[in-house]
Amino acid sequence: MLTRGLSPAAVLSKRLAAAILLLVGLFGRFVAQGGQESQSGVRLPTLDRVFAAWKARQERIKSFYFAWNLHVALPKGYQFVPEGYQFPFAGGLAGVRKGDVALDTAKDVEFTAPLSEWSGDGRDRLRSDFTAFLYSGVDGWKEIQRSRVTRNGILNSRLLFPAHSAEAPKIAIWRQVPVKHPSNRFRSANLFEESEIDLTPLRLALRPTTTASDWSPENCRVLSEDALLGNVHCIKLQMDKVDHSERCWVDPNRDYSVVRWERRHQDLAALDFAIEVQQGPDHEWLPHRWSWRLSPDAASRAASFEATVTRRMINKKLPDATFAADYPPGTRVYDASVDLPIYDWDDRFVDRDDQSGMLPPDEARVTLNAIADAWLKRQATVKRLKYTWREEFLRTKINTLCIDGEKVMKEFKVPAGASPSPQLVEFLRVPEPGGRRTSLIDQSKTVFDGATTRSLWFSDDPQSPGGILDITAGSRGLDGGPSIDHLILVYRPFDARFKDSKVAQLRDPARFRVRKQKGRIGNVECVVIETEDGPGWQLSYWLDPARDYLPLREHVVDDGQDHKRVDYSYRADPTCGWALAGWTEPIAGAGGSLWAPRTDTVIEFTVNQPIPASDFQIDPPPTVKVQDRRINRRAARQKARDPASDARDAK
């Protein structure tokens, strides 16, 4: 700044003006950042201000109970909710989907689903109750089931009460456990998230920092300090995820309440919730009504949905059994958490990379070598085997597996008159893209002779009435699915012909860890080893050291949630010591989606006995269509253009 030639008064005046300009600039910058004065007198940026208000509300509201009704209005001819949102509403729209009988095209359809409820106590105790509806062209809208979803610390449950008394209730129970390397894939049925998307307004108001919401100052940004929503001046925030983005419009004059929420996903229809908040006698600004619209395509009239709160209760004592994973007598139980105390933890205080529960690598290597030696000995001892077992899953099957040196045969048949489960019938009712019906394979036989794999199968597909014979080079196609995998784990764990052999690197403590704590199954104290079979996919084996480390349990954790476990049973056999007698496989899918439990019972077996040569032969009828995949029918120019792809396929 040049001051030469000016009087002292002029210099002082000029410096004062500069200081004023500086202060104005600083003030403007604070305003642009949404500054607010904290208790220490320091101005806070916008995100800190919003999340501080959200956190303060969450800490004030220790417990809550909300109940609401959901009103649904569907325009003439509206048949289904857009693909991907077939089961999105806690309020009960479980059955408006592609493939259902069309609605009456002559008039609009409206109905109100009965009471939905949401309860919470503290950070990790939540419960959601709601009713699911299905449309029938004859009966109109009818209730199909009542659902209850709970979270109590690390333990979760989903209980379903079918509307028809002939069906038994079902419950899935699973835990949230530590996972070092999550997959970050989109989980369309995550607990309190996609399957109950209309809980979002309450979740953002009452429990914004729970894992279900994903909102935090670290993963979102301010789009606007003054976004006009009607006549309300809002702060507009955005959170970007790998597969979708979310936006919130926050009203600072109503305790930073979210008054609009939007979600956009690359594959799903956009969701845009208008949220009305109301201040109650408890002086808290909380959602009173929220609504949204969905359309199957841009040219169609949208269906509208409106939830209205009928009761709210803040900081009142809830019954002790509110969050219990209990169930009435006669319930079919899918419990992936039973007898699994190893992962008891609190994700707020435990480091996910903590290895204190594992043996050091040198000690682990001794145990892993002992397991590998015992398994290799059993694999070398059992040179031939033939197993036939009955599988009860989505439908009944009779399976057979034969192994004789290099030769392998697997087959299954569906017994005459066997009926598929209601779950499979429901799946088959929904057509594939393009309107094609899903076909079921009723009979299949696959044979590997040491060089070539041949697979003959028959299905109910009218386009292949005579069956199909697939021929491939090598042992491709021996991946037999879960039932075959269990036999392979016991008798052929290191057999490279089977793609699902998961223990090729069993001796490496960098791949397999050994837990210090023993697992207990009944009276058996087990050695527990675990590995990550892929991002977010944690696999553990419970082994009996008194019986050459026979697998008694295989347990899978998918992105931190118990997914399934397999429990093996054995019987004494003079030829091999202990022979596999059967296995059960209860499954709790993502977010507690229920699957029929797999129960396999061995009917007959032989070990190290001659196997008829006919078992390893396929005699196809003349009507079979042959697909010889060993023949490369591409043009010479195409073959020359893609040698790298051929090399990958061959490998």
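Please treat every number below as a calculation from the coordinates, not as lab data. All of these numbers come straight from a predicted model, not from anything done at the bench. For neighbour counting, all protein chains shown are included, and Cβ atoms are generated from backbone atoms with ideal geometry for every residue, glycine included.
Table for the structure above
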quantity: The stretch 215-259: translational diffusion in µm²/s, Stokes-Einstein, Kirkwood Rh over Cα pairs, 37 °C, 0.692 mPa s; calculated: 301 µm²/s
quantity: Peptides ranked, highest mean first, by Cβ atoms within 10 Å: ranges 465-474, 447-456, 308-317; calculated: 447-456, 465-474, 308-317
quantity: Amide hydrogen neighbours beyond the local backbone of residue 537, cut-off 5 Å, H modeled; calculated: 559
quantity: Neighbour net charge for residue 258 - beta-carbon separation under 12 angstrom, K R +1, D E -1; calculated: +1
quantity: Under-5 Å amide H pairs with residue 549, H placed in peptide plane, nonlocal only; calculated: 544
quantity: Per-residue ³J(HN,Hα) for the stretch 225-232, Karplus 6.51 cos²θ - 1.76 cosθ + 1.60, θ = phi - 60°, Hz, x for Gly and Pro; calculated: 7, 8, 8, 7, 10, x, 10, 9
quantity: Amide H contacts of residue 335 (H built 1.01 Å from N, under 5 Å, at least 5 apart or other chain); calculated: 173
quantity: Rounded to whole Hz, the Karplus (6.51, -1.76, 1.60) HN-Hα couplings of the stretch 309-319, x for glycine and proline; calculated: 6, 9, 7, 9, 9, 10, 6, 10, 5, 9, x
quantity: Listed peptides 108-114, 288-294, 318-324 by packing density, highest first (mean Cβ within 10 Å); calculated: 288-294, 108-114, 318-324
quantity: By average C-beta atoms within 10 angstrom, highest first, the peptides 252-263, 404-415; calculated: 252-263, 404-415
quantity: Summed residue charge, Cβ within 9 Å of residue 486's Cβ, Lys/Arg positive, Asp/Glu negative; calculated: -4
quantity: Net charge of neighbours whose Cβ lies under 12 Å from the Cβ of residue 54, counting Lys and Arg as +1 and Asp and Glu as -1; calculated: +3
